[in-house]
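The values are calculated or read from the model by the stated rules, or taken from the named source; none is laboratory data. Everything quoted here is computed from the prediction, not taken from an experiment. Ideal geometry is used to build each Cβ from the backbone, glycine not excepted, and the neighbour counts take in all protein chains shown. Accessible surface areas use protein heavy atoms only, side chains included; no ligands, DNA or RNA. Shrake-Rupley method; radii C 1.70, N 1.55, O 1.52, S 1.80 Å.
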Amino acid sequence: TIRDGSHAVSHKYTAELIKPIAKGLDEAGLEYIEVSHGDGMAGSSFNYGFSAATDEEMIKAAAGVIRKSKLTVLVLPGIATQEDLEMACDLGAQVVRVATHVTEADIAEQHIGMGKKLGMEVSGFLMMIASQPPEVVAEQAKILESYGADFITLADSAGALLPEGVKARVRAVMDA
């Protein structure tokens with residue numbers, strides 16, 4: 001994603017840099033193209049690093065060139081607000097991923113509900129899945145599902161899992 005890739009460039013993507021990347025990803029047939037600060041909407045800050053462009057500028061740039069892919073944004077409860085999500089939706093974002101630590105799915109209810117209210121496709125996004133056993137990951141995924149998440153994204157954010165660990169967590173979520 002453009003969002004995650006922004007970490008590698010210290011969040012210095014400009015709207016002019018985003019346009020050709022989003023266009024190329026769209027033409028390549030990616031289903032989802034995610035834009036915002038690397039740490040999600042409203043992440044541009046002293047704590048997370050300042051962006052070269054605002055979330056609004058980034059979303060507008062991508063929306064202007066995407067024709068087939070679904071424009072996606074990331075929100076973290078406690079950082080992004082209802083107003084941020086409404087703005088993204090108004091500018092053409094169709095999907096929101098609501099990200100929490102793998103043990104904190106219970107803080108995502110309001111954001112998932114807002115995404116659904118806005119008519120967006122919503123992903124519950126569990127980060128740091130290596131820090132918990134498969135049954136905890138599955139339990140937290142069920143919480144996100146109960147709030148209305150359309151699908152669950154699992155991330156080994158620290159890169160600590162080997163393939164068998166990934167398989168065990170995905171299998172546990174699928175079984176749940």
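Assorted remarks:
- Flag if Ile18 is in contact with a strand residue (DSSP E or B) (Cβ under 8 Å, 6 or more places away or on another chain), β-branched (Val, Ile, Thr), over 13 Å from Ala88 (Cα atoms) and open to solvent by less than 40 Å² (accessible area, probe 1.4 Å): no
- In the range 136-154, the qualifying residues are those that are hydrophobic (A, V, I, L, M, F, W, C) and over 18 Å from the mean Cα position of the chain (by Cα), and the one that is surrounded by the most Cβ atoms within 10 Å (Cβ to Cβ) is Ala138.
- Filter result for Val173 (of a type in the set (A, V, I, L, M), farther than 21 Å from Val75 by Cα and surrounded by 17 or more Cβ atoms within 10 Å (Cβ to Cβ)): yes
- When residues of the range 1-15 are limited to those that are under 17 Å from Ala63 (Cα atoms) and not β-branched (Val, Ile, Thr), the one surrounded by the fewest Cβ atoms within 10 Å (Cβ to Cβ): Ala15
- Filtered residues of the range 27-58 (kept if of a type in the set (Asp, Glu), out of contact with any Lys or Arg (no Cβ under 7 Å at 6 or more places or on another chain) and closer than 15 Å to Ala15 by Cα): Asp55, Glu56, Glu57
Yes/no matrix, rows are residues, columns are (1) surrounded by 15 or more Cβ atoms within 10 Å (Cβ to Cβ); (2) on the phi < 0 side of the Ramachandran plot; (3) over 15 Å from the mean Cα position of the chain (by Cα):
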site: Leu25; (1), (2), (3): yes, yes, yes
site: His37; (1), (2), (3): yes, yes, no
site: Ser45; (1), (2), (3): no, yes, yes
site: Thr81; (1), (2), (3): yes, yes, no
site: Glu104; (1), (2), (3): yes, yes, yes
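- In the range 101-126, the residues that are outside any helix (DSSP H, G or I) form Cβ pairs under 6 Å with partners that are surrounded by fewer than 21 Cβ atoms within 10 Å (Cβ to Cβ) and basic (Lys, Arg), at six or more places apart or across chains, as follows: Val122/Lys116.
- Number of the condition not met by Ser157 [criteria: (1) within 16 Å of Gly43 (Cβ to Cβ); (2) open to solvent by 60 Å² or more (accessible area, probe 1.4 Å); (3) outside any loop (DSSP other than H, G, I, E, B); (4) not hydrophobic (A, V, I, L, M, F, W, C)]: (3)
- Against the list (1) out of contact with any strand residue (DSSP E or B) (no Cβ under 9 Å at 6 or more places or on another chain); (2) without any contact (Cβ under 8 Å) to a residue 40 or more places away in the chain; (3) open to solvent by 30 Å² or more (accessible area, probe 1.4 Å), the condition Glu57 fails is (2).
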